[in-house]
1. Per residue, how big is the convex hull of the stretch 21-92 when only Cα atoms are used? Give it in Å³.
2. For the stretch 108-149, what does the convex hull of the Cα positions come to per residue, in cubic angstrom?
3. Ranked highest first by the average count of other Cβ atoms within 10 Å around their residues, in what order do 60-69, 123-132 fall?
4. In degrees, nearest 10, range 0 to 90: what is the angle between the Cα axis of helix 107-123 and the longest Cα principal axis of the chain?
5. Which whole-percent values make up P(r) of the chain when all C-alpha to C-alpha distances are grouped in 10 Å steps starting at zero?
6. Please order 170, 71 by the number of other Cβ within 10 Å, starting at the fewest.
7. Once the convex hull of the C-alpha atoms of the stretch 124-182 is built, how many Å³ does it hold per residue, rounded to a whole number?
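We did not get these values from a lab; they are worked out from the coordinates using the rules stated. Given the structure is predicted, the values throughout are model-derived calculations rather than measurements. Note that we place each Cβ from the backbone using ideal geometry, even for glycine, and neighbour counts take in every protein chain shown.
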């Protein structure tokens, strides 16, 4: 039974990869069926450091936003589906694996997206002026560093997820993308 469950979880992970490979925004609603229908679901991006702040998305609508942004502005994502370590306990499964995102779009195509992210840092409440300047500068420097690597550069990441089985179907509940500090 556990092997069968692991294979089912791997199949959902493959569907997730297929969505990120196709990056077809017209099929985004179909892709969102891979997620549990629970407003407590989360997708935590590589830039997240605080709940409900930059790149920490909760609920279907917010996760849909980040996926759409990834598909439009991020590079080619390759998750090691075959190499994923999957554990299953009843109706909960968790997995860990690695992957790469390859820069395939010129920086200029995403500049407005990045500038809007930087503007949002300045609009964030609860940060001092120094903190806002530091965060915006760090974000901008990171984007310039990425640009310096050029098209075709593959950035490694780690991907972890928790899935729940609802009505016999596995669905993502929590996803966390992380990249090594450089």
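1. Working: hull volume 9.5 nm³, N = 72.
Roughly 131 Å³ of hull volume per residue.
2. Values: hull volume 2.1 nm³, N = 42.
About 49 Å³ per residue, rounded to a whole number.
3. On the way: 60-69: 16.1, 123-132: 10.2.
So the peptides 60-69, 123-132, ranked by packing, come out 60-69, 123-132.
4. Helix 107-123 sits at roughly 80 degrees to that axis.
5. All Cα pairs considered, the percentages come to 9, 35, 36, 16, 4, 0.
6. Values: 170 23, 71 18.
Final ranking by Cβ density, sparse to dense: 71, 170.
7. Values: hull volume 8.8 nm³, N = 59.
Dividing the Cα hull volume of the stretch 124-182 by its residue count gives 149 Å³.
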